[in-house]
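Have a look at the structure below before the remarks.
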Amino acid sequence: MNERDYTKGPDRWFLLQEISDFLFHEANLLDERRYEEWLDLLADDYHYSVPLRMNVEFADADTRGETKVGSEVCWFDEPKSTVELRVLQLATGVHWAEEPVSRVSHLVTNLRIEEVTMPEVKLSSRFLVYRNRVADETDFYVGRRTDVVRRTDDGWQIVKRHLLLDQTVLLAKNLSVFL
Amino acid sequence: MAAANLGSTSDPRPSVEATAEPVVTTLARDLVDVDNGVISREVFMSNEIFDMEMHNLFPRAWLFVGHETQVADPGDYFSSWMGTDPVLLTRDVDGEIYVLLNSCRHRGMKVCRYDEGNTTQFTCPYHAWSYSMDGSLVNVPGDLFGVPHMKAAYNGKLDKPNWGLVRCPKVYNYKGLVFANWDENAEEFLDYAGDFHWWLDNLADAFDGTPGDTEVFHGVLKWRIKSNWKFVSENFLGDTYHGASTHASVEAVGIGPGGRGQRRHGERQDQGGHSMGRTKTSFRNGHGASDNIAYEIPYPEFVEPEMNEYFDNAWEVRKERLDAEGRRLGGRGPATLFPNMSFAAGFPRSILVAHPISATETEVWRWFLADKRAPQYVKEWLRQYYMRYAGPGGMTEQDDMENWDYATQASKGVVAQRYPYNYQQGLGTEQLSELDRAVHSNHAISGEVNARAFYRRWAEFVDNLSWEELTDLARSDDRIEAIIRREDAAAAAAAAANESESVR
Ligand code: FES
Ligand SMILES: [Fe+2]
């Protein structure tokens, strides 16, 4: 087989289509609350991180605009084992924050390939997670997202998901949905 | 409707006629019936009550502003809130800590809209008045330093020392916990805290008991809820009753130090929350804790051996140190320092402040603490535990917010507001305490003695009683006399029964 060139041309385009399809499917599983199937798409070394954002000067925005994953307080900074705990909690039927269940839509957009080091691909995108619950409780979680996905014999897996939520003070009362 | 006793300073308008006493439309004390354990929903829903709180309670109470380690170096600042007033916690070039109102004296612009940083000068974006934190340039740090066109605009006569950022007159650094009070006549912090300081000690001291040897992690969780701020204070002050239902899901999963399926606070299995030794503590001046200082509960058992090593050693050192001081080992909370600083001093170890926005909106802030000298792996373990436990993403706290918000929504209605909340748990069964002006509940889980005392004190502040009256009312705890009377009566009845027995 020829060496593929993911930097440009049809190889890059096909790769992007393939991954887009995978990510949209993954988002759909979350929206349909098919959490067990969703967990299967997360690699064992999956890491989920959402740092806090802060109001800082223009000159510091790139260096001090968010808390540091790995050492400082974040909204989330956790391995797959913690994500699994959250799924278990959702399934208890007494997790009041999501009982009755919220209506959630995950929009993934502006998807771009950042780097290809097969079998892994680093992606950048924008996310919009919309949640409506009970009646008028409506939240928008919006921001930038970086994913690392990995091609395996069983299909694609997500290895890393890092989100920059565009809020310093969380305007939703909680984060009981996966971003 | 005019809010009662707004306690405003001088009204600059010329008075047309002799000012009458302000019309008092509501007395907070009429809404709080401690004797019968009944509290009106208006306490939580009324805008008028909220205004009274903002005027009479928040500018006179000791409020938590931030942690000393957030402003470690000269020039460091941290933006915070005291009630609905934005403030800056600052450290001047000489290392002194100040709390300044974050509002320009010219037209009120928020001079600093950064969350934190380092500067020796705050320059207002609007017209560029600048305020200096360098005591060599101004009389007192925070004073007005630079004024554009000083000569032309003010003929050089602007009285700069009088137009500095408003300085909070009372600031107290308790082992790194920085508290402030706008009222220069307020009682001193240590008197205000009283024997509740044992809980603050456990919060601020290292796990091995080293005084004040703690720091906060960088990053404060901040989030909005559509609920009254007092729901939050009350929840941490002694509402152990809610855990079984509210947190059933997280407890079913188990996220604690002992690993999957183990209790979330990490109590060992034979030290469940129902232990009778774990009665609550309620102070006459409004503070409350979910436990008592005689309730000794060792640190949890961890899955990781190196964690056990650190905490077993810390417990041993702590026990030795405190035994030598004759000090009890208990008192980890959750607890609330009246009115809105809640915390837990164990697992997790965290501070929460409920900043009021309106009667039905609150901004909640959460800080996490660790021992300064803890090894990296301990800090990292704690950080991960804190994040999965608390805050809006935390598996425990998510469910609290659901309750507070929808309790608020369902209490707003006109009809709903006619029916008070019930605070009758453990009414008339309080127990004596070894602590000053404090009593205990008679049960570990049920017992709303803490909430009753909180709202009694709350009403005394909100009705704008003077400091003299406030101090006077809290000089003794009438609940103690009631317990003694009850016990005497019971003893007399028993003696009488005995006597009639022996006569027969
Ligand atoms: S409002 Fe700050 S200088 Fe005018
Ligand atoms: Fe709770």
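Label positions at B:GLN424 and A:ASP5, each projected 7 Å from the Cα along the C-beta direction, are separated by 8.3 nm. Here the label points at B:ALA497 and B:ASP159, each 7 Å from Cα along the C-beta direction, are separated by 7.4 nm in the simple model. In segment A:1-84 the Cα-Cα distances spread across 5 Å bins starting at 0 as 3, 12, 12, 14, 13, 15, 17, 11, 3, 1, 0 percent of all pairs. Using a/c under 1.5 as the rounded threshold, could you call chain B rounded, prolate or oblate? The axes a ≥ b ≥ c are square roots of the C-alpha gyration tensor eigenvalues, and prolate needs a/b larger than b/c, oblate otherwise. Because a/c hits 1.5 or more and a/b fails to exceed b/c, chain B counts as oblate. Apply the Debye scattering formula to segment B:217-478, with a single equal point scatterer on each alpha-carbon and no solvent, then give log10 I(q)/I(0) at q = 0.10, 0.15 Å⁻¹. Values, matching the q order: -0.53, -1.20. Maximal additional length on extending the B:ALA489-B:GLU434 stretch stands at 17.7 nm, based on 0.36 nm per residue less the C-alpha distance.
For B:LYS160, the lysines whose Cα comes closer than 16 Å to its Cα, not counting residues fewer than 8 places off in the same chain, are B:LYS151.
Using square roots of five times the C-alpha gyration tensor eigenvalues, list the equivalent-ellipsoid semi-axes of the protein assembly as shown in whole Å, biggest first. Can you show the working numbers first?
Details: eigenvalues 382, 255, 126 Å².
For the protein assembly as shown, the ellipsoid semi-axes come out as 44, 36, 25 Å.
Dipole magnitude for segment B:217-478: about 500 debye, using +1 per Lys or Arg Cβ and -1 per Asp or Glu Cβ, origin at the Cα centre. Here r is the Cβ-Cβ distance between B:ALA252 and B:ALA410 and R0 is 30 Å; the resulting FRET efficiency, rounded to 0.05, is 0.70. Computed as a quarter of the hull surface, the mean projected area of the alpha carbon convex hull for segment A:101-140 stands at 3.7 nm².
What FRET efficiency would be calculated for the residue pair A:ARG103, A:ARG151, taking the C-beta separation as r and a Förster radius of 35 Å, to the nearest 0.05? Numbers along the way, then the final one.
Working: r = 33 Å, r/R0 = 0.93.
The calculated FRET efficiency here is 0.60.
Candidate cross-link partners of B:LYS412 among the lysines, defined by an alpha-carbon separation under 20 Å and a same-chain spacing of 8 or more, comprise A:LYS173, B:LYS226, B:LYS230.
With the Cα gyration tensor of segment B:63-185 giving a ≥ b ≥ c as the square roots of its eigenvalues, does the rule (a/c under 1.5 for rounded; else a/b larger than b/c for prolate; else oblate) give rounded, prolate or oblate?
On the way: a/c = 1.86, a/b = 1.73, b/c = 1.07.
Since a/c reaches 1.5 and a/b is larger than b/c, the shape of segment B:63-185 is classed as prolate.
The equivalent ellipsoid that matches the C-alpha gyration tensor of segment A:90-179 spans semi-axes of 29, 17, 10 angstrom, in descending order. In degrees between 0 and 90, to the nearest 10, how far off the longest principal axis of chain B does helix B:397-411 point, with axes built from Cα atoms? Relative to chain B, helix B:397-411 is tipped by roughly 80 degrees.
Please work out whether segment B:326-389 counts as rounded, prolate or oblate from its C-alpha gyration tensor, where a ≥ b ≥ c are the square roots of the eigenvalues and a/c under 1.5 means rounded, while otherwise a/b larger than b/c means prolate and anything else oblate?
Values: a/c = 3.03, a/b = 1.45, b/c = 2.09.
It is oblate, given that a/c is not under 1.5 and a/b is not larger than b/c.
Ellipticity at 222 nm from helices only: DSSP H runs of n ≥ 4 in chain B, each -39500 (n - 2.57), divided by the residue count, give -8500 deg cm²/dmol. Please work through chain B and write down the cysteines that have no neighbouring cysteine Cβ at a distance under 4.7 Å. If one checks each Cβ against the other cysteines of chain B, B:CYS112, B:CYS168 turn up with nothing under 4.7 Å. Label-to-label distance for B:LEU190 and A:PHE140 is 5.3 nm, based on points extended 7 Å past Cα in the beta-carbon direction.
For A:ARG34 and B:SER446, the FRET efficiency from 1/(1 + (r/R0)^6), where r spans their Cβ atoms and R0 equals 45 Å, is about 0.65. Angle of helix B:305-325 to the longest C-alpha principal axis of chain B, folded into 0 to 90 degrees and rounded to 10: 90°.
All of the numbers you see were taken from the coordinates with simple rules; none came from a lab. The structure presented is a predicted model; accordingly, all values stated were derived computationally and were not measured. Methodologically, a virtual Cβ is constructed for each residue, glycine included, from the backbone with ideal geometry; neighbour enumeration extends over all protein chains shown.
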